[in-house]
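Notes follow once the structure below has been shown.
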Amino acid sequence: MHTKSVSHSPHQSNSSTDKIPIVLSHQLSLLRLFIFYLSKQKAKANIRFLVCKAQANKPRLELANSQEILEESDSSNQRVVQALYEALKSRDVATVHKLVAPDLEWWFHGPPTHQYLMRLLTGASSDTSSGGRNNLKNKRQDSCFRFAPKTIVSFGPTVLAEGCDDARSIVWVHAWTVTNGVITQIREYFNTSLTVTRFGDSTAAVTNSDPSSPSASDYESASPPSTSSSSTAEITPLHCPYLWESSVSDLVGKSMPGLVLAI
């Protein structure tokens, strides 16, 4: 009986044991790749969150910046008008010429004898056709009258100021237009109650509108008239939101006419 001895090759035993560290190394590599992938996805999620947060805050920042610019512009225009009143008070002609455009547009509503501002700016006499005695009286009134505003507010380029004389018998309202630091227009109202509104979009809802207003500029046609029909076009009133109303007129204690200024 022959016996066959089986001998194990040392090569074979080592090959099986060598596979273990190779497998572990491969698994560790996969684990590292998976951890790297997770960290990368987390970084992307953080970036997306920051981008979305920045985009959400961007309109607020833009709105805040635009509001600051508007407030700064309003404040600057108010300073121009305030400087003009100071120059008129001290009769500083040089400063008046710097602040007022040479082609100033002037609009006046009130008694002609109350055109103090125009005479201050132009140096014209009060009433050359009334005789020397009236001229002397009016010049004395011009020298005594002082424009001391009680209130100054602004809405963009429009600056509103109001005041009254010492006896509270005369009230006035000024609506200045300031362009690039220079006054280009003045609307002057004496013994008149003034309400200021802003022109709106004709497609907006109409609130606080007065269809009986005599001003034709407060309305616009919604559609052109048809050439094939004799009917008139439909008229849609503009939306003019209320902005401001004069208050010193209440000091006079008597009824005064009222006007509406749309800016």
* **For peptides 192-199, 149-156, sequence by mean Cβ density within 10 Å, most packed first** => 192-199, 149-156
* Full-extension gain in nm, residue 34 to residue 150, via 0.36 nm per residue minus C-alpha separation -> 34.3 nm
* Asked: Can you list residues whose amide H is under 5 Å from residue 185's amide H, if they're 5+ apart or on another chain and H is modeled 1.01 Å from N?
  -> 105, 177
* Asked: Hey, can you rank 96-102, 176-182 by average C-beta count inside 10 Å, highest first?
  -> 176-182, 96-102
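Since every read-out is calculated from the coordinates, none of them should be taken as a lab result. Model, not experiment: these values are computed from the prediction. Ideal geometry is used to build each Cβ from the backbone, glycine not excepted, and the neighbour counts take in all protein chains shown.
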